[in-house]
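Laboratory data are not the source of any read-out in this text; all were calculated from the coordinates shown. The model shown is predicted, which means the values in this text are computed figures rather than measured ones. Quick reminder, even Gly has a Cβ in these numbers, built from the backbone with ideal geometry, and neighbours come from all protein chains shown.
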Amino acid sequence: MTEAFRLADQIRRAFEGSAWHGDSILELLADVNAKTAAARSIKDAHSIWEILLHIAAWDDVVTRRAGGTAVTLTDAENFPAVVDASEAAWSQAIETTKKTHHELIRAVAAFPDSRLAEQVPGKTQNYYNFYYMFSGIVQHELYHAGQIALLKKAAK
């Protein structure tokens with residue numbers, strides 16, 4: 001088993017399940033409807049829906065960077081606005097995020113271990129290599145899983 005495959009597995013666990021820490025993002029979202037997802041349960045905090053779109057945006061960034069593209073997000077791309085708060089749009093947001101996440105897992109699992117120490121395109125910090133980025137996306141997903149868990153409690 002390669003190190004990249006192990007990293008891909010950690011990314012998968014944080015999003016899909018069997019994570020060491022507890023509930024994954026999809027496990028937390030299993031009982032969330034569009035109304036709860038769009039709610040502003042905590043003043044000045046992002047909604048669950050906005051966080052999900054943010055997760056998808058960063059999964060896509062990491063996939064594109066792994067493919068050799070230097071990517072920087074605008075503020076609007078970083079936390080996309082929810083323009084349609086219907087149940088159908090919520091279901092579509094989840095499905096789109098799953099698809100984006102699966103593309104990330106495939107890209108990381110196939111990434112050559114020999115390249116993990118290489119600098120990520122567009123990054124100037126000497127520590128910002130592919131290993132750092134792939135580990136970081138796991139941390140990113142878990143951080144937002146915690147936020148989603150708290151927002152769900154606040155919505156009740």
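A few remarks follow.
- Once the mean of 1/r is taken over each pair of separate Cα atoms and inverted, segment 1-86 shows a Kirkwood hydrodynamic radius of 14.7 Å.
- Charge tally in the Cβ shell below 14 Å around A85, where Lys, Arg are +1 and Asp, Glu are -1, A85 excluded: -1
- Taking a sphere under 9 Å around the Cβ of I25 and counting the other residues whose Cβ falls inside, with K and R at +1 and D and E at -1, yields a net charge of -4.
- Distant-in-sequence amide H partners of A19 (H built 1.01 Å from N, under 5 Å): S24
- Computed FRET value (nearest 0.05) for R64 with K156, which takes r as the C-beta separation and R₀ as 30 Å: 0.20
- FRET E, pair Q119, L26, Förster distance 30 Å, beta-carbon r, rounded to 0.05: 0.40
- Over the chain, relative contact order from alpha-carbon pairs under 8 Å, at least 6 apart, %: 37 percent
- Charge tally in the Cβ shell below 14 Å around E141, where Lys, Arg are +1 and Asp, Glu are -1, E141 excluded: -3
- Extension gain, A109 to S135, is 8.1 nm, computed as 0.36 nm per intervening residue step minus the present C-alpha separation.
- Dipole orientation for the chain: of the candidates A154, T97, N78, A154 has the Cα lying most toward the positive pole (charges on Cβ; Lys, Arg +1; Asp, Glu -1).
- Considering only A110, A93, A76, the Gaussian network model of the chain with Cα springs below 10 Å gives its largest mean-square fluctuation to A76.
- Taking the Cα centre of segment 3-155 as origin and assigning +1 to Lys and Arg Cβ atoms and -1 to Asp and Glu Cβ atoms, the resulting dipole is close to 160 debye.
- Proximal lysines to K98, defined as alpha-carbon separation beneath 21 angstrom and excluding residues fewer than eight positions away on the same chain: K35, K152
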